[in-house]
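**Student:** Take a look at this one; I'll ask things after.
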Amino acid sequence: MIDSNIKMTRRSFLGTVGTLTSAMLLAPRRLPAKESRLLLRPIPSSGERLPVMGMGTSRTFDVQGDSAAMGQLAQVLATFFDNGGRLIDSSPMYGSAESVVGKLLGLERGKSRLFAATKVWTDGRTDGIAQMERSMQRLGVDVIDLMQIHNLRDWETHLPVLGEWKQKGRIRYIGITTSHGRDHEALAKILQTETLDFVQFSYNIADRTADERLLPLAADHGVAVLINRPFQRGSLFKKTQGQGLPAWSAEFDCHSWAQFFLKFIIAHPDVTCVIPATSKVKHMVDNMAAGVGRLPDADLRRRMVAHVASL
């Protein structure tokens, strides 16, 4: 059965393919070769190494039927892969994002490097299985690298199913997520009592609640950490608008506020990968540059926090 989210006429399909193919032929912007080696961090449960810079798709990839937006995202995706990216995070919660990612991956030469991460976001075993099957179809993959339980929804039902799928080789890693501070206590208990490969939560220079329990717990239990909302949904850029970077940011190879915020997160030794979302090539290049070069030490991180708080 054809998923209604990816159904289209022959004419519209051919037109979209033509638009996307043209976009893919445009040379994506890259970091200079000497600066393009992304820092890698190990997944504790396996030792597999992932680039510290990943890509989110919330809001940015929900563009089904918009050929112009699809063409722009084709370049964003190519730029991500060309600069060493692997992990792309999505969810059925993000509208058409999974389907859009799948279409673009069908034309992208970097697909072989993909680390596909998505989520189950529904109630009940039967609906959860059906939703995960649809996600595989939409993304166009036979195996999901990382399946996560989105915002702890019905996690006690879904977690055993994810374990079964992992044993069968349908998924490689199991995770759980939250983007709500009110769920931190529940997430902390899950980290202490359940076996997980990944956990995902919000953390940034203005919201460091995860420093108190979640990051130490993940480290203690050998769980990889994905970080969402690194820019606090854009509010950090509003705070720094019109402000120049402090001169001492050159000490950790920082050339923009986006890199300032991302390097602050990446410098935490217990963070595995951060997943900012963007729909612009120039922002993707900027983001990826945060994953190379020097990182701030503990003293500099404290100085970064104080500087942003003073603005």
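**Student:** Please list, ordered by first then second residue, the pairs with beta carbon atoms under 8 Å, 6 or more apart or interchain, first in the range 283-311 and without any contact (Cβ under 8 Å) to a residue 60 or more places away in the chain, second among the hydroxyl-bearing types (S, T, Y).
**Tutor:** D286/S256
**Student:** May I ask you to say which residue of L191, L187, L226 is under 25 Å from D145 (Cβ atoms), surrounded by 14 or more Cβ atoms within 10 Å (Cβ to Cβ) and in contact with a His (Cβ under 7 Å, 6 or more places away or on another chain)?
**Tutor:** Result: L191 is the single residue among L191, L187, L226 that is under 25 Å from D145 (Cβ atoms), surrounded by 14 or more Cβ atoms within 10 Å (Cβ to Cβ) and in contact with a His (Cβ under 7 Å, 6 or more places away or on another chain).
**Student:** So, one more: Within the group V143, V199, V120, which residue is under 18 Å from S90 (Cβ atoms), surrounded by fewer than 17 Cβ atoms within 10 Å (Cβ to Cβ), among the hydrophobic types (A, V, I, L, M, F, W, C) and touching a residue at least 24 places away in the same chain (Cβ under 8 Å)? So that I can check it myself, show each step before the final result.
**Tutor:** Values: V199 fails: surrounded by fewer than 17 Cβ atoms within 10 Å (Cβ to Cβ); V120 fails: surrounded by fewer than 17 Cβ atoms within 10 Å (Cβ to Cβ).
From the options V143, V199, V120, the qualifying one is V143.
**Student:** Now, a different point. Within the range 240-267, restricting attention to residues that are of a type outside the set (A, V, I, L, M, F, W, C) and surrounded by 15 or more Cβ atoms within 10 Å (Cβ to Cβ), which residue is nearest to V223 (Cα to Cα)? Steps first, answer last, please.
**Tutor:** If we filter the range 240-267 for residues that are of a type outside the set (A, V, I, L, M, F, W, C), which is where we start, we get 240-244, 246, 249, 251, 253, 255-256, 259, 263.
Imposing the further condition that a residue be surrounded by 15 or more Cβ atoms within 10 Å (Cβ to Cβ) reduces the set to 240, 249, 253, 256, 259, 263.
Working: T240: 33, S249: 30, D253: 29, S256: 30, Q259: 25, K263: 21 Å.
Only one residue fits best here, namely K263.
**Student:** Okay, moving on. Quick one: which of K119, K111 is charged (D, E, K, R) and farther than 17 Å from I171 by Cβ?
**Tutor:** It is K111.
**Student:** Continuing with this model, one more query. Being assigned to a helix (DSSP H, G or I), modelled with pLDDT under 95 and of a type in the set (D, E) is the filter here; which residues of the range 129-187 pass it?
**Tutor:** D183, E185
**Student:** State whether one or more residues within the range 268-277 are part of a helix (DSSP H, G or I) and either without any contact (Cβ under 8 Å) to a residue 60 or more places away in the chain or buried (at least 22 other Cβ atoms within 10 Å of the Cβ) (or both). Steps first, answer last, please.
**Tutor:** Taking the range 268-277 as the starting set, the residues that turn out to be part of a helix (DSSP H, G or I) are none.
Checked against the condition, which is being part of a helix (DSSP H, G or I) and either without any contact (Cβ under 8 Å) to a residue 60 or more places away in the chain or buried (at least 22 other Cβ atoms within 10 Å of the Cβ) (or both), the range 268-277 yields no hits at all.
**Student:** For the range 100-117, name all the residues that are closer than 25 Å to G163 by Cα, crowded, with 19+ Cβ neighbours inside 10 Å and not hydrophobic (A, V, I, L, M, F, W, C).
**Tutor:** G102
**Student:** Please work out if H307 is modelled with pLDDT of 95 or more and more than 18 Å from S202 (Cα to Cα).
**Tutor:** Considered against the rule, which asks whether it is modelled with pLDDT of 95 or more and more than 18 Å from S202 (Cα to Cα), H307 comes out as yes.
**Student:** Among the candidates Q241, Q148, Q192, which residue alone is over 22 Å from the mean Cα position of the chain (by Cα) and over 23 Å from A306 (Cβ atoms)?
**Tutor:** Q192
**Student:** Also, quick follow-up: Residue by residue through the range 108-120, note down the ones that are part of a loop (DSSP other than H, G, I, E, B) and in contact with a strand residue (DSSP E or B) (Cβ under 8 Å, 6 or more places away or on another chain). First the steps, then the outcome.
**Tutor:** Looking only at the range 108-120, we keep the residues that are part of a loop (DSSP other than H, G, I, E, B), and these are 108-110, 114.
Listed by number, the list holds a single entry, L114.
**Student:** From the list I205, I227, which residue is part of a loop (DSSP other than H, G, I, E, B) and touching a Phe, Trp or Tyr at 6+ places or on another chain (Cβ under 7 Å)?
**Tutor:** I205
The values are calculated or read from the model by the stated rules, or taken from the named source; none is laboratory data. Predicted, not measured: the structure shown is a model, and the values here were computed from it. Note: ideal-geometry Cβ built from the backbone for every residue, glycine included; neighbour counts use all protein chains shown.
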